[in-house]
Amino acid sequence: MTSNALPRCCIIGAGMSGIVTAKALTERGIPFDWFEMSDRVGGVWAFENPNGRSAAYRSLHIDTSKGQLEFADFPMPADTPHYPHHTQVHTYLQSYVNHFGLDKKVTLQTEVADARRDDQGTWRIRLGDGQTRSYDALFVCNGHHWDARWPEPAYPGKFEGVQIHAHSYRDPFTPHDLRNKRVLVVGMGNSAMDIASELCPRHIAQKLFVSTRRGQHIFPRFLLGKPADKGKLYPWLPLSLQRTCGRIVYKLAVGRMEDYGLPKPDHRLFESHGTTSDTFPSYVSAGDITMRTGIRALDGDSVVFEDGRREKIDVIIWSTGYKITFPFFDETFISAPSNKLPLFKRIIKPGIPNLFFIGLAQPSVTLFAIADRQAKFVAAYLAGEYVLPGLDEQKHTILLDEKRHMSRYYKSARHTMQLDQDIYFDELDRELRKGGKRARALGFSRARPPIPRRTEENVRVAEAAE
Ligand SMILES: Cc1cc2nc3c(=O)[nH]c(=O)nc-3n(C[C@H](O)[C@H](O)[C@H](O)COP(=O)(O)OP(=O)(O)OC[C@H]3O[C@@H](n4cnc5c(N)ncnc54)[C@H](O)[C@@H]3O)c2cc1C
């Protein structure tokens, strides 16, 4: 059901976050244009797509189990393994798009080059080909795993070997042949563990080192015979009690990291973003991966570590994470210095009620479910079923939520937007109920939504191209 009063929206990006947004808006009859710079949908999961932004490597399997990944109204095929390969995740997203008729709505190979908000709150969008368009609301779904973060400041000294960021790693032969090389992987996140595990067997790298400033607790994919991410958090039970139970299970099933030859973490379990690998601890325990401390300096053909050790290295793979950037915004208007961008309910920047960030979070389980719920939340808002609280309450809620979701994590650019999934969903549901009451009291409805339509009809790019 469409309504002439509903705002016209623009969606930037057709990765998973853009896809669930397009679906949520379609379900509510909210009009939108949807731009994707690549020639296909799927973002990260579209391996080697021409936008050059996918960080997927050839062997990548998603660390989220199938049961957590699939959307309730579109189950994954029954023969999908517990932890699908990236090609299966991409096929799933493409089938989802086709099944819900979203393939007809996306405009591919069209970059949003510039987005600015005028004094009336209307979004003025400039596309890569120079066309300009106007919208009442803007969804930012441009992903946050594409702008490689290199160590800042750079380590002292000069390295004469090859250096790549994990973002460009594809397989042991691409972009460099790593056979018989002395390779150093820097970092202990999920990509670092996958890449180190792939390269360390003796027929590939000559020697594989991993450098880390601090140890991490590593989760296996299966715990007590079930996918490890199946564990649920209950909003009505004290979180500290639930975490204590989790720590006991982990201790019994996995044991201590140092017993595998891994560095002892300087924080407790659940105080860093989860890392998952079945192979990494066993390769360390077998001596195929050699752990080293953080880096002190680079020195020609060698790397010097904080404990004074020195190793000759041919190739460094920096697995040092990503920067959150929005190239289409003026940096003075919106940016995320040190990866920080406080948002109301991790979606809305106070003071800009018609701008929505979808999937800009670091979830405890999966971004798929988070983005889906966020998109549905905003669609309800745009359809007049919800209205935001006042600015002071938004800002206060951000502080409370950050305390709840993030205070237990150690300080790092990795931990600026953590969300405990089940707790977050409960909070979104409550907020929707509270905002629904506010909307009814203020007389908002589908016919009179809080973000009204002001813009003229844009000619849809897809239609114009037909
Ligand atoms: C190696 C790796 C492993 C991961 N493993 C998991 C996992 O196990 N579980 C999990 O839940 N998540 C995982 N993730 C996180 C992953 O980012 C999310 O699963 C999800 O793909 C994010 O979707 P997105 O749409 O937000 O971003 P993306 O997938 O990055 O999609 C963004 C899209 O926006 C487009 N775009 C960007 N800018 C513009 C513009 N200006 N104009 C037009 N189009 C634009 C891009 O071309 C892209 O298609 C992993 C990420 C990586 C890199």
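For every helix of n ≥ 4 consecutive DSSP H residues, a contribution of -39,500 (n - 2.57) applies; sum these over the chain, divide by its total residues, and give [θ] at 222 nm rounded to the nearest 500 deg cm²/dmol.
Dividing the helical sum by the residues of the chain leaves -8000 deg cm²/dmol.
For a test of the definition: using alpha carbon positions, the gyration tensor, and the 1.5 limit on a/c, classify the chain as rounded, prolate or oblate.
Prolate is the answer for the chain, as a/c is 1.5 or above and a/b outweighs b/c.
At a Cα cut-off below 19 Å, give the lysines reachable from Lys403, other chains included and same-chain residues fewer than 8 away excluded.
Straight-distance partners of Lys403: Lys340, Lys345, Lys349, Lys395, Lys411.
Starting from the Cα of Lys158, draw a straight line to each of the lysines and keep only those under 24 Å, dropping any in the same chain fewer than 8 residues away.
Here the lysines satisfying the reach criterion relative to Lys158 are Lys181, Lys207, Lys312, Lys323.
Which order do Glu311, Glu331, Glu402 take when ranked by solvent-accessible area (1.4 Å probe, heavy atoms of all protein chains), largest first?
Output order, biggest surface exposure first: Glu331, Glu402, Glu311.
Pull up the DSSP beta bridges for the range 150-318 and report the antiparallel fraction as a percent, rounded to 5.
30 percent
Which shape class applies to the range 104-250: rounded if a/c is under 1.5, otherwise prolate when a/b exceeds b/c and oblate if not, where a ≥ b ≥ c are the square roots of the Cα gyration tensor eigenvalues?
It is oblate, given that a/c is not under 1.5 and a/b is not larger than b/c.
Can you tell me the dipole magnitude for the range 150-318 around its Cα centre, using point charges on the Cβ only (Lys, Arg +1; Asp, Glu -1), in Debye to the nearest 20?
In total the dipole reaches around 520 debye.
Quick one: ranking Met188, Met406 by accessible area, 1.4 Å probe, largest first, what do you get?
The most accessible residue leads, giving Met406, Met188.
What does DSSP give for the chain in terms of the percent of beta bridges that are antiparallel, rounded to the nearest 5?
40 percent
Under a crude label model (7 Å from the Cα following the beta-carbon direction), how far is Ser412 from Glu152 in nanometres?
Between Ser412 and Glu152, the label points sit 1.8 nm apart.
Quick one: 3J(HN,Hα) in Hz for the range 429-445, Karplus 6.51/-1.76/1.60 with θ = phi - 60°, rounded, Gly and Pro as x.
4, 4, 4, 5, 5, 4, x, x, 5, 4, 4, 5, 5, 8, x, 7, 7
Under the classification rounded if a/c is under 1.5, otherwise prolate if a/b is larger than b/c and oblate if not, where does the range 237-357 fall, given a ≥ b ≥ c as square roots of the Cα gyration tensor eigenvalues?
Cα axes put the range 237-357 in the oblate bin.
Which value, in debye to the nearest 20, gives the size of the charge dipole of the chain about its Cα centre, when Lys and Arg are +1 and Asp and Glu are -1 at the Cβ?
Using Cβ point charges on Lys, Arg, Asp and Glu, the chain gives about 1240 debye.
Which whole-Hz ³J(HN,Hα) couplings does the range 298-304 yield from phi under the Karplus relation 6.51 cos²θ - 1.76 cosθ + 1.60, θ = phi - 60°, glycine and proline marked x?
Rounded to whole hertz, the list is 9, 8, x, 8, 10, 10, 9.
State, as an integer percentage, the relative contact order of the range 313-363 based on alpha-carbon contacts under 8 Å between residues 6 or more apart.
Relative contact order for the range 313-363 comes out at 19 percent.
Using label points projected 7 Å from each Cα along Cα→Cβ, tell me how many nm separate Ser168 and Glu393, to one decimal.
Inter-label distance under the simple model: 5.0 nm.
Relative contact order for the range 137-254 using alpha-carbon pairs under 8 Å, separation at least 6, rounded to a whole percent?
Relative CO of the range 137-254 lands at 17 percent.
So which chymotrypsin sites (Phe, Trp or Tyr not before Pro) in the range 219-305 are both in a DSSP loop and have at most 16 other Cβ atoms within 10 Å of their Cβ?
Qualifying residues, ordered by number: Trp236.
Just grab the label-to-label distance for Glu311 and Asp119, each label 7 Å out from Cα along the Cβ direction, in nm (one decimal).
Computed distance between label sites Glu311 and Asp119 equals 6.0 nm.
May I ask for the angle, rounded to the nearest 10°, between helix 86-99 and the longest principal axis of the chain, with both axes built from Cα atoms and the value confined to 0 to 90°?
Tilt relative to the chain: about 10 degrees.
Compute the distance from the alpha-carbon center of the range 396-416 to that of the range 135-164, in whole Å.
With the range 396-416 and the range 135-164 each reduced to a Cα centre, they are spaced 22 Å.
Report relative contact order for the chain in percent, whole number only (criteria: Cα-Cα under 8 Å, sequence separation at least 6).
21 percent
The values are calculated or read from the model by the stated rules, or taken from the named source; none is laboratory data. On a predicted model such as this, the values are computed, not experimentally measured, just so you know. Counting neighbours? That spans all protein chains shown, and the Cβs are built from the backbone with ideal geometry, glycine included. Only protein heavy atoms, including side chains, enter the accessible area calculation; ligands, DNA and RNA are left aside. Shrake-Rupley method; radii C 1.70, N 1.55, O 1.52, S 1.80 Å.
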